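Data first, discussion second: the structure below is written as structure tokens.
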Amino acid sequence: MEAKPCIQSLTVKNSFVLPPDTNSHGTLFGGQLMGYMDDVAAIAATRHARTPVVTASTDSVDFLSPVYEGSTICLEAFVTWTSTSSMEVFVKAVTENLLTGERTVCTTAFLTMVAVDEDGKPVEIPPVYPESSEEKWLNAGAAERAEYRKKRRKESKTLAERFGADFPWDPTHNHKD
């Protein structure tokens, strides 16, 4: 497969922050922002792979500044690194007060998307290559972030096994030590 530049997957999404999207503080629900991030990452990954994708993980999402009702939210995403079937997608969210022009980065995150076939099985994707200094910087740290994600996933599986699928969880029940 022929490699593609990072910029080819660039996806930009803008939205007004309306009252139904906000909490009692007049700021965008964190879950709404995370939904926007997942959406824009999926579009960027699909644009790169040209096949359906699923979300495998979302790295830490730190809310750096509030997004107020009446402002806009602009999300940018592009594929920074690829493996055989998975892609790391960088997402940056910027809020803008349209009346003053003030713009603030409100969060950044990496999402891992996996390309799948019609049966949901992973499929091979083309490699990606960076061109700009920012893309090269992101790409250079991607392998280390991927290793961290593998470790975190293993820890998540351990938690899932320990606590199980029973509901409600009974804290008095003896669990495996």
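For the reader, a short list of remarks on this structure follows.
- Subset of the stretch 12-25 [of a type in the set (S, T, Y) and either surrounded by 13 or more Cβ atoms within 10 Å (Cβ to Cβ) or modelled with pLDDT under 95 (or both)]: S15, T22
- The conditions of being without any contact (Cβ under 8 Å) to a residue 60 or more places away in the chain and among the charged types (D, E, K, R) are not met by K4.
- Note on the stretch 82-106: residues that are among the polar types (S, T, N, Q) and surrounded by fewer than 20 Cβ atoms within 10 Å (Cβ to Cβ) total 6.
Residue by residue, here is whether (1) modelled with pLDDT of 95 or more; (2) surrounded by 11 or more Cβ atoms within 10 Å (Cβ to Cβ); (3) not polar (S, T, N, Q) holds:
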{"site": "V116", "(1), (2), (3)": "yes, yes, yes"}
{"site": "P126", "(1), (2), (3)": "yes, yes, yes"}
{"site": "Y129", "(1), (2), (3)": "yes, yes, yes"}
{"site": "E134", "(1), (2), (3)": "yes, yes, yes"}
{"site": "L138", "(1), (2), (3)": "yes, yes, yes"}
{"site": "A146", "(1), (2), (3)": "no, yes, yes"}
{"site": "R153", "(1), (2), (3)": "no, yes, yes"}
{"site": "K157", "(1), (2), (3)": "no, no, yes"}
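One line per residue, one yes/no per condition, for (1) surrounded by fewer than 17 Cβ atoms within 10 Å (Cβ to Cβ); (2) not hydrophobic (A, V, I, L, M, F, W, C):
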site: L10; (1), (2): yes, no
site: T27; (1), (2): no, yes
site: G30; (1), (2): yes, yes
site: Y36; (1), (2): no, yes
site: H48; (1), (2): no, yes
site: T80; (1), (2): no, yes
site: T108; (1), (2): no, yes
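- Single unsatisfied condition, H175 versus (1) at pLDDT 95 or above; (2) over 17 Å from the mean Cα position of the chain (by Cα); (3) surrounded by fewer than 19 Cβ atoms within 10 Å (Cβ to Cβ): (1)
The values are calculated or read from the model by the stated rules, or taken from the named source; none is laboratory data. Please read these numbers as outputs of a predicted model, since none were measured by experiment. Using ideal geometry, Cβ is built from the backbone for each residue, glycine included, and neighbour counts are taken over all protein chains shown.
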